[in-house]
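To start, the structure itself, in structure tokens.
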Amino acid sequence: MPSRTRLKSSLFLLLMLFIAAATGCVNIKPVSTSYLHDYIQEHDDFWQFAGEQSGVRIRCFFSLSQDSNLYFFDADLYDAGIVPVFIEIENIRLDSVRWTWPDVEIKTDQWRLEPVAEGQLREAVFKKYGIDSYTENDLEQFDNSFGELLMSEIDIGEGEKITGVIYFKGGRFHPGMMNSPMMIMGNVWIGDRKAKLVFRLNRL
């Protein structure tokens, strides 16, 4: 028969587990931007596609496998209907390049991907993992951690580059649709001129 002290300890542990379940716990956390930058520096073959338009270079990695999703995002975003695309944008012009999310899309021969906001991303992930109990702090931490990676805007001078992630709505998108992809960025300011940049992405 367990001792009274042991019984009290067991009851206390059960109580703590109950409180944790009742108050919610969203234990999903992607890598940080600093970790991502270090990882890309250490893996020369990270990028899958590249393109250039009007003195702006772009490189992309479509995170479609379960392994890469779990590694970088701690959740299978692709299976949740989200296509995360890692993007590096480099300005090789003599003037600045500015752009603000969400005026961007990716087109293939068979599909069109549109960006999703943080709220839509959170809703998709919570639905996939059956998360229906959480606190305001849980929501804030989730949005902040995924938002840290989000490429929401760029403002880069000559020779500068920026790296981040844009989350796209996947739907029925699958790797077999990766023929001749294009990334289209509207509402781009090159110096004092407004432009739309169309990047034809070639495999590296």
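The values are calculated or read from the model by the stated rules, or taken from the named source; none is laboratory data. Everything numeric in this text was worked out from a predicted model, so none of it was measured. Positions of Cβ are generated from backbone atoms using ideal geometry, with glycine treated the same way; all protein chains shown enter the neighbour counts. We work out accessible area using only protein heavy atoms, side chains counted, and drop any ligands, DNA or RNA first. Shrake-Rupley method; radii C 1.70, N 1.55, O 1.52, S 1.80 Å.
For the range 40-116, the share of accessible area belonging to carbon and sulfur comes to 40 percent (1.4 Å probe, ligands and nucleic acids excluded).
Pop the C-beta distance of Lys107 and Ser133 into the FRET formula with R0 = 45 Å and round what comes out to the nearest 0.05. That pair, Lys107 with Ser133, gives E of 0.70. With contacts taken as Cα pairs under 8 Å at a separation of at least 6 residues, the chain carries a relative contact order of 29 percent.
Compute the Cα gyration tensor for the range 107-204, then decide on rounded, prolate or oblate, letting a ≥ b ≥ c be the square roots of its eigenvalues: rounded whenever a/c is under 1.5, prolate when a/b is larger than b/c in the other cases, and oblate in all that remain. Here the range 107-204 falls in the oblate category. For Thr100, the solvent-accessible surface with a 1.4 Å probe is about 70 Å², rounded to the nearest 10.
Filter the GluC sites (Glu not before Pro) in the range 106-204 down to the DSSP loop ones having no more than 12 other Cβ atoms within 10 Å, then list what survives. Filter output for the range 106-204: Glu158.
With a Förster radius of 30 Å applied to the beta-carbon distance between Arg93 and Gln41, the computed FRET efficiency rounds to 0.80. Placing a label point 7 Å from the Cα of Glu160 along the Cα-to-Cβ direction, the residues of the range 23-57 whose backbone N falls under 16 Å from that point are 56-57. Take 38-46, 164-172 and order them by the average number of nearby Cβ atoms within 10 Å per residue, most first; the result is 164-172, 38-46.
Cα centroids of the range 67-96 and the range 98-146: 12 Å apart. If the limit is 32 Å between Cα atoms, which of Lys29/Lys194; Lys107/Lys161; Lys127/Lys196; Lys29/Lys107 go over it? As for pairs spanning more than 32 Å Cα to Cα, those are Lys29/Lys194; Lys127/Lys196.
Trp47 contributes an accessible area of around 20 Å² to the protein surface, as traced by a 1.4 Å probe with all chains present. Each residue of the range 116-121 was assigned a 3J(HN,Hα) from its phi angle through the Karplus expression (A = 6.51, B = -1.76, C = 1.60, θ = phi - 60°), giving 10, 7, 4, x, 5, 4 Hz with x at Gly and Pro. In a reduced charge model with +1 at each Lys and Arg Cβ and -1 at each Asp and Glu Cβ, the range 132-204 shows a dipole moment near 880 debye about its Cα centre.
Close amide H partners of Ile82, meaning residues 5 or more places away or on another chain with modelled amide H under 5 Å apart, are Gly170. Rolling a 1.4 Å probe across all protein chains gives Met151 an accessible area of roughly 10 Å².
In terms of Cα atoms, the Rg and Dmax of the range 126-170 work out to 15.0, 47 Å. Model label points for Met177 and Glu153, set 7 angstrom from Cα along the Cα-to-Cβ axis, are 3.1 nm apart.
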